[in-house]
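The next block holds one structure in the form of C-alpha cells; read it before the comments.
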Amino acid sequence: MEKILEVKDLAVSFKTFFGEVEAVRGISFDVHRKETIAIVGESGCGKSVTANSIMQLLPMPPAFFKGGQILFNGEDIVQKSEKEMQHIRGNQIAMVFQDPMTSLNPTMKIGKQIVEGLMKHQKLSQSDARNKAIEMLNLVAVPQPEKRIDQYPHEFSGGMRQRVMIALAMVSNPQLLIADEPTTALDVTVQAQILELMKNIQDKMDMSIILITHDLGIVADMSDKVIVMYAGQIMEQGQTDEIFKSPSHPYTKKLLASVPRLDMNRSESLHSIEGTPPDLYIPPKGCPFYDRCEDAMKICKDYMPDIDNHTNTHYSRCWLNHPMAKSKAEGSEA
C-alpha cells in the first residue's frame, strides 16, 4: 500500500526552568493509505507530543525539534512555515482532540465552526458550505442536523459533541485523521457508536487513522498495527494480531496482563505495573523500563538494544533473546 506518512528518527524536547525534557526520543514509523495505527502507552510516554508534532501544533518555544523528519506525501512538514501548514492542517491532516468541550469554541454555533473550514480550504460559498456541513452532521448521525447546526456546543451531550468534532475533522475529506483519545469520558455505549462511526467514515473516504489511546480493547477492535511507546521511545511495533498473540517486550506483556478478562476468577486481582516511568530530564542510558522490569539484566541498565526483528512487520527493543545480548554482556563485564 501507498505510504502517506513517514516519521523518521523524530526527537522533540521541551525547554523548562529545570532543563531540557526529552519528550520524544528518536521514533520511526510509517502510515499507509486506509491503515489504522494505534499508539499506546501510559500517560507521559510521548503519544500526544508525537501527534501534535505531526500537526505542527506544539508551542515553540518551549518545544523544539532536536532531529528527524515527518514526511507527508514525501514532503518534510517539519520544514514548512505556519502559512504552509494552514493549507495542510484541517484539510489534508485532521485531528479529533481528547476533550470536545474545550476543543469547540463555546461562543460560536456548531455550524459556523464547520463552515469556516470549508470556506477556507475548499473555497465554497457560505450557502454551499452550510449545505455541506448539514450533510456531514447527518453522516455522523447527529439528529435533525438542519436545526442543530444553529446550536451552541453546550446544547449538545458529550457523545454528540464528539460526533461534531469528527464532522469538523472529516468535512474536508482529509487523507489522515489523528484521533487523540476520541472516546475519553464517554460511556461504553457511546464509545462503541463513535468507533463504529469512525470505521464507516474511513471506509467511505479511504482515509488513514492514527489512534492514540490507553484502551487496549479499542486497539484490538480498530487497529491494523500497534506502536507501544514508553518514556518517549518505541518499545515494540507490529501487526495487531502479532502484538496481542506474541508480545515480545516485557512492558507490552505487562500492559496486556493489566487488561480485565471475562474469565477472571473473583479471587484474582488486576495486574499492575509497579514503579514509575523514568525522569526525562535525565533519560536513562539503557532501557527506560529497566527499573520496573522483572526480567531486567545487567546489560539493560547501560545499553539500549538495537531493533530486534521478529518478523518483517514485528520488532521490539529488548535484550531478552537478542542476538547481540551475549557479546554486549561480555563486553560490559570486562
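One table, with the values for the structure above:
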{"quantity": "Ile114 vs. criteria assigned to a helix (DSSP H, G or I), out of contact with any Asp or Glu (no Cβ under 8 Å at 6 or more places or on another chain) and more than 25 Å from Lys15 (Cβ to Cβ)", "calculated": "yes"}
{"quantity": "Enumeration of residues in the range 57-79 that are under 16 Å from Lys8 (Cβ atoms) and out of contact with any Asp or Glu (no Cβ under 7 Å at 6 or more places or on another chain)", "calculated": "Phe65, Lys66, Phe72, Asn73, Gly74, Glu75, Asp76, Ile77, Val78, Gln79"}
{"quantity": "Considering residues of the range 119-133 that are hydrophobic (A, V, I, L, M, F, W, C) and buried (at least 19 other Cβ atoms within 10 Å of the Cβ) only, the residue nearest to Gln202 (Cα to Cα)", "calculated": "Ala133"}
{"quantity": "Of residues in the range 1-48 being more than 13 Å from the chain's Cα centre (by Cα) and of a type in the set (Ser, Thr, Tyr), the one nearest to Ile178 (Cα to Cα)", "calculated": "Ser28"}
{"quantity": "Options Leu124, Leu137, Leu216, Leu195; residue that is in contact with a Phe, Trp or Tyr (Cβ under 9 Å, 6 or more places away or on another chain) and either among the hydroxyl-bearing types (Ser, Thr, Tyr) or more than 30 Å from Glu20 (Cα to Cα) (or both)", "calculated": "Leu216"}
{"quantity": "Residue match in the range 238-245 (condition: within 24 Å of Ser103 (Cβ to Cβ) and either touching a residue at least 60 places away in the same chain (Cβ under 8 Å) or surrounded by fewer than 18 Cβ atoms within 10 Å (Cβ to Cβ) (or both))", "calculated": "no"}
{"quantity": "Residue that is surrounded by the most Cβ atoms within 10 Å (Cβ to Cβ) [pool: residues in the range 277-334 that are modelled with pLDDT of 85 or more and in a helix (DSSP H, G or I)]", "calculated": "Cys300"}
{"quantity": "Residue check for Val259: within 30 Å of Leu176 (Cβ to Cβ), of a type in the set (Val, Ile, Thr) and part of a loop (DSSP other than H, G, I, E, B)", "calculated": "yes"}
{"quantity": "Residue, farthest from Arg33 (Cα to Cα), within the range 87-118, restricted to residues that are surrounded by fewer than 15 Cβ atoms within 10 Å (Cβ to Cβ) and either at pLDDT 85 or above or more than 21 Å from the chain's Cα centre (by Cα) (or both)", "calculated": "Thr107"}
{"quantity": "Residues satisfying the stated conditions in the range 103-121, i.e. over 17 Å from Glu146 (Cα atoms) and β-branched (Val, Ile, Thr)", "calculated": "Thr107"}
{"quantity": "Scope the range 124-167; condition under 16 Å from Pro106 (Cα atoms), assigned to a helix (DSSP H, G or I) and of a type in the set (Val, Ile, Thr); matching residues", "calculated": "Val164"}
{"quantity": "Extreme residue, farthest from Ser53 (Cα to Cα), among residues of the range 145-163 that are buried (at least 20 other Cβ atoms within 10 Å of the Cβ) and in contact with a Lys or Arg (Cβ under 9 Å, 6 or more places away or on another chain)", "calculated": "Ile149"}
{"quantity": "Number of the exception - Gly275 against (1) in contact (Cβ under 8 Å) with a residue 24 or more places away in the chain; (2) within 26 Å of Tyr315 (Cα to Cα); (3) not basic (Lys, Arg)", "calculated": "(1)"}
{"quantity": "Among (1) out of contact with any Pro (no Cβ under 8 Å at 6 or more places or on another chain); (2) of a type outside the set (Val, Ile, Thr); (3) crowded, with 22+ Cβ neighbours inside 10 Å, the one test that Gln193 misses", "calculated": "(3)"}
{"quantity": "All positions within the range 249-260 that are surrounded by 10 or more Cβ atoms within 10 Å (Cβ to Cβ) and of a type outside the set (Val, Ile, Thr)", "calculated": "His249, Pro250, Tyr251, Lys253, Lys254, Leu255, Leu256, Ala257, Ser258"}
{"quantity": "Residue selected from the range 33-48 under the condition crowded, with 21+ Cβ neighbours inside 10 Å and modelled with pLDDT under 90, by the criterion farthest from Met85 (Cα to Cα)", "calculated": "Gly41"}
{"quantity": "Hits in the range 168-190 (condition: part of a helix (DSSP H, G or I) and over 25 Å from His32 (Cα atoms))", "calculated": "Val188, Thr189, Val190"}
{"quantity": "Within the range 234-253, tally of residues that are of a type outside the set (Ser, Thr, Tyr), in a helix (DSSP H, G or I) and closer than 16 Å to Ile39 by Cα", "calculated": "5"}
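The values are calculated or read from the model by the stated rules, or taken from the named source; none is laboratory data. No experiment lies behind these values; they were computed from the predicted model shown. Reconstructed Cβ throughout: ideal geometry from the backbone, glycine too, with neighbour counts over all protein chains shown.
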